[in-house]
Amino acid sequence: MSLAFAILFYVATLVLVVGVAFKVVQYSKTPAPLKIPTTPAPTTTSGVVMRMFREVVFFESLFKSTIWTWIFAWAFHMGLFAVLFRHGRYFHDLLPAVIVGPLKYAAFAMIIGLIGLLVRRFAVNRVRYISAPSDYAMLILLLLIGISGSMMTFVSHVDIVGVKTYFDAWMTLDFDNLILPPDPVLRIHLFLVAVLMLIFPISKLLHAPGIFFSPTRNQVDNPREVRHVAEWAEKL
Amino acid sequence: MATKEFTIPEIQEYIEVPDAPIPDATAHLSPFLAKPMHQEPLGFPEEVVDDWKGETLEAMGDLLGKYRGLRVFMDICVKCGSCTDKCHYYIGTADPKNMPVARQDLLRRVYRRYFTFAGKFWGALGMPGFVGAADLKREMLDEMYSYYHQCSECRRCSVFCPYGIDTAEITMAAREILARVGIGQKYNNEIIGKVYTIGNNLGLPERALEDTLEGLEEDIEDETGVAVKLPLNVKGADILLITPSADFFAEPHVDGLMGYAKVFHEAGVSWTISSSASEAANFGMFIGSYENMRKISLRIREAALELGVKRIIFGECGHAWRVAYSFLNTLAGPFDFLDQSYPIPQHILDFTLGEIEKGTLNIDKSLNDEMVVTFHDSCNVARASRIGDKPGSQFTIPRAVIKAVCNNYVDMDPDTIYEKTFCCGGGGGLLTDDLLELRIKGGLPRMTALQTVTEEYGVTHMAAICAICKSQFTKILPYYGFDMDQIVSVHQLVSSALILTGQVDEDDDTESGEEAA
């Protein structure tokens, strides 16, 4: 079973890294033949960097649009990042306990945010109409990951030292010490995380790398000053 | 087609977003299909090709490889619903497929099914719907034709999308795909054909254009006693004016054209209109066809070279200004043969404001005192381009011009102006009577905002800087209980407050009137 999980994670990591790299290369290789920033747009590259920063960190456009979605989405994402950061502790003691200790409560922001988004998907007629089964499934998947993770932190503590040893062995390909603690919650948690990693490059989760390639947000508003021509268009 | 009886929406106190979508409320709306004679000149098949499925997927694959926006937008929508209450057509029709994301999904489900692993996997299991994919069927193309012609490519949704997904880009791609399969739209394609054969959307030949301009010169002289020229094909003129052909005779457009002429006259610049490029509009953008858009744009370059002008100025037109500002340099540049000390191209409002600031125009604001004016930001100017040199000056420059010529100006609801402006309801190649129901319903948010300022501030006129907006409002205002002449050109306001040098008809009061202003 320990080995099965190890293999699952090797595969999932490979799919995630190669899959996302493939999409990033595909996005960057696809030309943007016309200047289409949503205006008013910055007229300098540094302005565009700031616009992207506000979009990625504060979800600026969503904030302008729908405040409840923004609250839940921002709580979820920020909670997720804090929790992910905290997971550094489980890999080779990358982070001291002082820093990561209080961050464990971020899990609640994540879970509350996810519940809010899920309820919204059911409750708002318009949003229900545009939702596919996979949209619900992904929220539920994330929710189960958050809940199972929190249970190990707040309810029944898992053998953290065992988990660290396991992932140290996993990272160093030390198959002799590949012993996963037999905690069912841990195994559910890890399995769901692997599923999430596997679907990341083939689903809407691509919004994470994708936003950086969104031409309406990443283009400089300077079409009169700088001539912008795509390679395929030059041949016409 | 659009023959079904329908009710005109009632203006409510606020813009109300339909909470419960009414499926297929406007499924019956579909513009007339292009005939073979409309398809052929644009390089599209004359009728639906036998292998429509193969051609759809091939065209889609081609565009996915050419447009990063399309590729990224197809992948990254998370269905957050942020856009669902933003489209004027959804607000006006309650048809859920007029919610931007649902409109996108008509194409995205095909993308998911045939271009992604998830769609192919679940499709092979017979459950493509699990991941929002669908097997391509012939009737889906008809549905796409219907709903991608219920989008005015106004980009309001892209302002509010956390990833900047622009439904306009997807609509353009879908229309291009459909046209390549042989399903084109008559209105757009017929007009593009006229541009190729005659030189403008309206099919106004050179001789008729010459007569029209002469008539306008006479009108101005009758009114003011001053001989203001509207020159045609003058070689060696400094400025080439490119303006939508509606400016040559439609109301209130033509009053705007006379306004440009008066401003040029007072500024003392030499300018000309070209009969070979007597059209600012570029419907190639509406149908998403880079090739056609480029071909139409190149006429402007050729005209500028042929006439030997130093500057290009565009008249009041929304999508034309988008193509001019955002795409012209790309499509028909570089314009290294023009005077580089001026913006290439320049917007007429930018020019006029410059003249107002220089003090070359003798303006008597009191001449517009019987009006209380508000301003409708046109979507392509607001969200897809810029006038002037600062981000957002596309909002301040028109207002500065209006305020320089009118004493009474008020803005509409802040949620309906600037980059949040609502489309007039007739943009994006939908300004055709076979879509009248859609145009009326899509105008609801703007009409609501106008009604509010009418009641609160006694607004009498709404100014616009887009030929399509002006034509659309002229048509739909009466359905909402307004008068059709309440829509005015910004340069019409300039024109009516501008006292020409040597003008005879105004009395002595004008001097004191200006000082009071």
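Tabulated data for the structure shown
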quantity	calculated
Any helices (runs of 4 or more DSSP H) falling wholly within the range B:94-174 and containing at least 3 residues that are closer than 16 Å to B:Gly288 by Cβ and within 13 Å of chain A (Cβ to nearest Cβ)	B:100-115
Meets criteria (within 28 Å of the chain's Cα centre (by Cα) and either more than 21 Å from B:Phe117 (Cβ to Cβ) or loosely packed, with under 14 Cβ neighbours inside 10 Å (or both)) for A:His189	yes
Pick from the range B:367-385, criterion of a type outside the set (S, T, N, Q) and open to solvent by 10 Å² or more (accessible area, probe 1.4 Å), ranking: nearest to the other protein chains (Cβ to nearest Cβ)	B:Cys379
All positions within the range B:403-462 that are open to solvent by 10 Å² or more (accessible area, probe 1.4 Å), of a type outside the set (D, E, K, R) and part of a helix (DSSP H, G or I)	B:Ala404, B:Pro414, B:Tyr418, B:Leu436, B:Leu444, B:Gln451, B:Thr452, B:Thr454, B:Tyr457
The lone exception for A:Gly210 - which of (1) open to solvent by less than 40 Å² (accessible area, probe 1.4 Å); (2) closer than 21 Å to A:Ile112 by Cα it fails	(2)
Every pair of residues 6+ apart whose Cβ atoms lie under 8 Å, when the first sits in the range B:62-80 and is more than 7 Å from chain A (Cβ to nearest Cβ) and under 12 Å from B:Ile165 (Cα atoms) while the second is open to solvent by less than 10 Å² (accessible area, probe 1.4 Å) and of a type in the set (Phe, Trp, Tyr)	B:Met74/B:Tyr111
Verdict on B:Ala400 being more than 26 Å from B:Ser146 (Cα to Cα), aliphatic (A, V, I, L, M) and surrounded by fewer than 24 Cβ atoms within 10 Å (Cβ to Cβ)	yes
Any hit, the range A:171-178, residues being within 21 Å of A:Tyr105 (Cβ to Cβ) and open to solvent by less than 30 Å² (accessible area, probe 1.4 Å)	no
Residue list for the range A:206-236, filter: outside any helix (DSSP H, G or I), under 14 Å from B:Gly164 (Cβ atoms) and facing chain B (nearest Cβ under 7 Å)	A:Ser214, A:Asp221
Within the range A:181-205, tally of residues that are of a type outside the set (A, V, I, L, M, F, W, C) and within 9 Å of chain B (Cβ to nearest Cβ)	3
Residues located in the range B:239-254, provided they are open to solvent by 10 Å² or more (accessible area, probe 1.4 Å) and of a type in the set (Ser, Thr, Tyr)	none
Hey, B:Ala382 more than 28 Å from B:Glu266 (Cβ to Cβ), in contact with a Phe, Trp or Tyr (Cβ under 8 Å, 6 or more places away or on another chain) and free of Cβ contacts under 8 Å to residues at least 40 places away in the same chain or not	yes
Criterion: more than 24 Å from the chain's Cα centre (by Cα) and either of a type in the set (Lys, Arg) or modelled with pLDDT under 95 (or both) - qualifying residue of A:Pro181, A:Pro102	A:Pro181
Filter result (without any contact (Cβ under 8 Å) to a residue 60 or more places away in the chain, in contact with a Leu (Cβ under 7 Å, 6 or more places away or on another chain) and open to solvent by less than 10 Å² (accessible area, probe 1.4 Å)) within the range B:113-146	B:Met144
Candidate set from the range B:22-43 (those that are assigned to a loop (DSSP other than H, G, I, E, B) and of a type in the set (D, E, K, R)); member that is surrounded by the most Cβ atoms within 10 Å (Cβ to Cβ)	B:Lys35
A:Arg128, sole failed condition from (1) touching a Phe, Trp or Tyr at 6+ places or on another chain (Cβ under 7 Å); (2) closer than 22 Å to A:Leu196 by Cβ; (3) open to solvent by 20 Å² or more (accessible area, probe 1.4 Å); (4) at the interface with chain B (Cβ under 10 Å from one of its Cβ atoms)	(2)
Count - residues of the range B:87-144 that are of a type in the set (Gly, Ala, Ser), within 20 Å of A:Tyr136 (Cβ to Cβ) and under 26 Å from the mean Cα position of the chain (by Cα)	1
Residue match in the range B:1-20 (condition: open to solvent by less than 10 Å² (accessible area, probe 1.4 Å), touching a residue at least 12 places away in the same chain (Cβ under 8 Å) and touching a Lys or Arg at 6+ places or on another chain (Cβ under 9 Å))	no
Breaking point among (1) open to solvent by less than 10 Å² (accessible area, probe 1.4 Å); (2) closer than 17 Å to B:Gly69 by Cα, for B:Gln185	(2)
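So that you can scan it fast, the table gives a plain yes or no per residue for (1) within 23 Å of B:Cys154 (Cβ to Cβ); (2) within 14 Å of chain A (Cβ to nearest Cβ); (3) assigned to a loop (DSSP other than H, G, I, E, B); (4) touching a helix residue (DSSP H, G or I) at 6+ places or on another chain (Cβ under 8 Å):
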| site | (1), (2), (3), (4) |
| --- | --- |
| B:Ile8 | yes, no, yes, yes |
| B:Tyr14 | yes, no, yes, yes |
| B:Pro18 | yes, yes, yes, yes |
| B:Pro45 | no, no, yes, yes |
| B:Leu57 | no, no, no, yes |
| B:Thr84 | yes, yes, yes, yes |
| B:Gly92 | yes, no, no, yes |
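Residue-by-condition table, conditions (1) in contact (Cβ under 8 Å) with a residue 40 or more places away in the chain; (2) part of a helix (DSSP H, G or I); (3) within 14 Å of chain B (Cβ to nearest Cβ):
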position	(1), (2), (3)
A:Tyr105	no, yes, no
A:Phe108	yes, yes, no
A:Ile112	yes, yes, no
A:Leu139	no, yes, yes
A:Leu143	no, yes, no
A:Ser148	yes, yes, no
A:Phe154	yes, yes, no
A:Val158	no, no, no
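The values are calculated or read from the model by the stated rules, or taken from the named source; none is laboratory data. No experiment lies behind these values; they were computed from the predicted model shown. Methodologically, a virtual Cβ is constructed for each residue, glycine included, from the backbone with ideal geometry; neighbour enumeration extends over all protein chains shown. All accessible areas refer to the heavy atoms of the entire protein, side chains included, with ligands and DNA or RNA removed. Shrake-Rupley method; radii C 1.70, N 1.55, O 1.52, S 1.80 Å.
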